[in-house]
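Visitor: Dumping the structure here so I can ask a few things about it.
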Amino acid sequence: MDDDLVCRPVRPEELPAVAELRWQWMRELYGTPEIPLGDFVPRFVAWAREAEATHHCLVLVRGRRPVGMSWLAVTERVPFPGAYERSSGDVQCTYVVPEERDRGLGGVLVDAVLERAAGLGVERVTVHSSERAVPAYARRGFAGSPHLLQVDLRPGRAR
């Protein structure tokens, strides 16, 4: 990683830039979002502040500019005898701006998220990955499981 690039937890004043990263990512995938950037940013920032106890954002910063992000969403799990405080995590929204890609920076973010999860005592971490990123997650120990299932409940999706 470059000397002028730092991976660390997001600072409150950086949340608008992180919101812009999220908006930019959606624009790359689906075209310009219907919600204008100026409307999205304050709503995203409000959400991030309200969710900070369960959603941990790590950023890659070059100089003063966030150029990548990854989130760890932590969910409490039902206790069992002998283990009352349990949690699991989910890697969400790992994104690096196009001009910084293909240098392993997404992996730097995922490593930081996994380190954060371990520090929080999370039992397991999942990810819903793009096809392109699967090898990067696999290199970090992620593997498919016949026991982890999902159903898509969005309108118009077959069940």
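The values are calculated or read from the model by the stated rules, or taken from the named source; none is laboratory data. Note that the structure is a prediction, hence the values are computed from the model and not measured. Heads up, the Cβs are rebuilt from the backbone with ideal geometry, glycines too, and the neighbour counts pull from every protein chain shown. For accessibility, only protein heavy atoms count, side chains too; no ligands or nucleic acids. Shrake-Rupley method; radii C 1.70, N 1.55, O 1.52, S 1.80 Å.
Visitor: Which members of region 107-132 meet the condition of being touching a helix residue (DSSP H, G or I) at 6+ places or on another chain (Cβ under 6 Å) and part of a helix (DSSP H, G or I)?
Guide: Of everything in region 107-132, just one residue is touching a helix residue (DSSP H, G or I) at 6+ places or on another chain (Cβ under 6 Å) and part of a helix (DSSP H, G or I), namely G107.
Visitor: Report yes if V108 is open to solvent by less than 100 Å² (accessible area, probe 1.4 Å), modelled with pLDDT of 95 or more and under 13 Å from the mean Cα position of the chain (by Cα), otherwise no.
Guide: Yes: the conditions hold for V108.
Visitor: Would you please name the residue that is nearest to the chain's Cα centre (by Cα), looking only at residues in region 35-56 that are open to solvent by 80 Å² or more (accessible area, probe 1.4 Å) and within 16 Å of L21 (Cα to Cα)?
Guide: If we take residues in region 35-56 being open to solvent by 80 Å² or more (accessible area, probe 1.4 Å) and within 16 Å of L21 (Cα to Cα), then W47 is nearest to the chain's Cα centre (by Cα).
Visitor: From the residues in region 114-136 that are open to solvent by less than 50 Å² (accessible area, probe 1.4 Å) and among the β-branched types (V, I, T), which one is nearest to the chain's Cα centre (by Cα)?
Guide: Of everything passing the filter in region 114-136, V127 is nearest to the chain's Cα centre (by Cα).
Visitor: Only one of V59, V67 is touching a helix residue (DSSP H, G or I) at 6+ places or on another chain (Cβ under 6 Å), of a type in the set (V, I, T) and surrounded by 16 or more Cβ atoms within 10 Å (Cβ to Cβ). Can you tell me which?
Guide: V67
Visitor: For region 137-155, state whether one or more residues are surrounded by 11 or more Cβ atoms within 10 Å (Cβ to Cβ), within 27 Å of E20 (Cβ to Cβ) and of a type outside the set (D, E, K, R).
Guide: Yes, that holds for at least one residue.
Visitor: Filter region 70-96 down to the residues that are open to solvent by 40 Å² or more (accessible area, probe 1.4 Å), farther than 19 Å from R8 by Cα and part of a strand (DSSP E or B) and list them by number.
Guide: T75, E76, R77, F80
Visitor: Confirm whether E99 is under 26 Å from R27 (Cα atoms), at pLDDT 95 or above, not basic (K, R) and not in a loop (DSSP other than H, G, I, E, B).
Guide: yes
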